[in-house]
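Okay, so here's the structure we're looking at.
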Amino acid sequence: MIKIINYSILLYSVCLVQFGLTKKVNAFTVELFKSTTPIESLSDADALIGGTNLESTSSGSYDIIDFRDVAYGTPWGHSDIDNFFPGTTGNPNINNYAVLVTTTIEITSADDWTFLTSGDDGVRLRIDGFDVIKDDALHPTQDNLGTINLAVGEYDLELVLFENFGVGSLELWAAQETQTTYNSNFQLVGDVANGGIAEVPFDFSPSLGIVLCFGFWGLNQFYKNSK
Ligand SMILES: [Ca+2]
Ligand SMILES: [Ca+2]
Ligand SMILES: [Ca+2]
């Protein structure tokens with residue numbers, strides 16, 4: 001009997017964690033598209049992502065955006081986490097590729113929000129289809145800032161990077177109110193522990209999770225009572 005009760009509690013706890021508490025982790029989908037031809041602009045990147053001259057793809061899930069494609073010279077940008085892009089390790093220094101980052105962000109304070117990208121080479125940040133940042137140039141790692149007024153709610157976020165040659169790097173930050181340069185107000189988007197904006201990875205609502213959990217619990221009670 002004790003064994004069955006413990007099993008019920010364990011099942012219920014696992015169920016709640018599965019459907020409720022894991023709602024905001026590893027929510028960025030990051031896809032790398034390697035090209036067979038030079039990539040020098042956002043239009044090249046969009047065509048590549050659409051399948052033109054595509055050599056290979058790789059992807060992964062990440063809780064923050066802080067990447068580079070070389071093993072030397074860290075930090076690139078403002079944070080030294082400096083993950084390698086998905087599918088790459090060591091000192092890959094791959095060239096002529098595009099990176100597509102997608103997620104849904106959750107805004108809990110209505111305000112002007114300034115997003116900051118650190119990129120090598122160009123980048124484009126779209127929120128609900130609006131270009132907040134558009135940098136269509138070849139250059140070393142550089143900051144771009146864009147401010148947008150957001151109400152409380154969830155927004156689709158899309159970030160595109162293209163890399164021609166040399167160092168490739170990418171970071172995504174945000175801060176409340178209008179900011180004109182990188183400063184300590186910025187947090188990596190997704191760095192919830194330090195006050196960063198949260199991503200929303202799953203459509204499971206806590207209420208649906210609770211219904212499912214009590215469903216499992218009820219079935220277990222039925223099984224127990226029928227013995
Ligand atoms: Ca970095
Ligand atoms: Ca490179
Ligand atoms: Ca470069």
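Just so you know, in region 134-162 the residues that are within 16 Å of ligand 3 (Cβ to nearest atom) and part of a strand (DSSP E or B) include one that is farthest from D82 (Cα to Cα), and it is D135. If I ask for residues that are without any contact (Cβ under 8 Å) to a residue 60 or more places away in the chain, among the charged types (D, E, K, R), buried (at least 16 other Cβ atoms within 10 Å of the Cβ) and within 17 Å of Y97 (Cα to Cα), which ones from region 122-162 would you list? Listed by number, the list holds a single entry, D135.
Within region 61-87, the set of residues being surrounded by 15 or more Cβ atoms within 10 Å (Cβ to Cβ), farther than 13 Å from S169 by Cα and either among the hydroxyl-bearing types (S, T, Y) or touching a Pro at 6+ places or on another chain (Cβ under 7 Å) (or both) comprises just one member, Y62. Scanning region 163-175 for residues that are of a type outside the set (D, E), buried (at least 18 other Cβ atoms within 10 Å of the Cβ) and either more than 16 Å from ligand 3 (Cβ to nearest atom) or under 22 Å from the mean Cα position of the chain (by Cα) (or both) yields a count of 7.
Consider region 91-101 and keep the residues that are of a type outside the set (G, A, S) and not in a loop (DSSP other than H, G, I, E, B). The one that is surrounded by the fewest Cβ atoms within 10 Å (Cβ to Cβ) is L100.
Here T88, T74 are screened, and the one residue that is hydroxyl-bearing (S, T, Y), part of a loop (DSSP other than H, G, I, E, B), in the same structural domain as G190 (by TED's automatic domain parsing) and within 13 Å of ligand 1 (Cβ to nearest atom) is T74. Does region 104-112 contain any residue that is part of a strand (DSSP E or B) and within 18 Å of L48 (Cα to Cα)? No, the conditions are met nowhere in region 104-112.
The values are calculated or read from the model by the stated rules, or taken from the named source; none is laboratory data. Just so we're clear, the structure is a prediction, and the values are computed from it rather than from any experiment. Backbone-built Cβ (ideal geometry, glycine too); neighbour counts: all protein chains shown.
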